[in-house]
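One structure below.
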Amino acid sequence: MKRFSVPNNDHSIDMQRLIDEYGNSLLRMCYLYFHDLQLAEDAVQDTYIKVYQNRDKFKGSCSEKTWITGIAINVCKSHLRRSWYKRLLFSSDLKQEPYHEEKIEDDTILKEISKLKPKYKEVILLFYYQGIKTKDIATALKISESAVTVRLSRARKQLKKSLKGWYFDE
């Protein structure tokens, strides 16, 4: 578990290390919330501002990645609740290719994930795209570990149903 460096109790934080270490994965996750690279970049920037402002509140009860990811999720949810965002009309298709180091050949799964209810989408993104364990997802989302497991199960069932004939033969 990584800890923030806190020399001499001045609560300093190596923001450049955090940006280098988590920036790309946060950008990908935020992109899957918004389907817009600029909005995702804004959310990541707001996340790092909140990390800096709340650096003294990190107690180490979870990993640094879990704590930062939890902040990013809350930032994304906050942006989505804003009235100006609700007035924007986004098509159901991805407008831009998701931000990845490698080119994605087939974005069908990403499109189906983006159609899930937010509570299912976020656990799928955290578990599969961020590689966070269910215990840490529960901490980040402030829900029980069993709730995370149930949401993952329901999301998988929905994805299996929507991808039937495409990825799943039945």
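Results, tabulated for the structure shown:
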quantity	calculated
Area of Asp42 that stays accessible when all protein chains are in place (1.4 Å probe, Å², to 10)	70
For segment 62-77, 3J(HN,Hα) per residue [Karplus equation, 6.51 cos²θ - 1.76 cosθ + 1.60, θ = phi - 60°, Hz, x = Gly/Pro]	9, 6, 4, 4, 4, 4, 5, 5, x, 5, 4, 4, 5, 5, 4, 4
When each of Lys119/Lys157; Lys135/Lys160; Lys65/Lys164; Lys59/Lys133 is checked by Cα-Cα distance, pairs over 22 Å	Lys135/Lys160; Lys65/Lys164
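The values are calculated or read from the model by the stated rules, or taken from the named source; none is laboratory data. Model, not experiment: these values are computed from the prediction. Areas reflect the complete protein model, heavy atoms only, side chains present, ligands, DNA and RNA absent. Shrake-Rupley method; radii C 1.70, N 1.55, O 1.52, S 1.80 Å.
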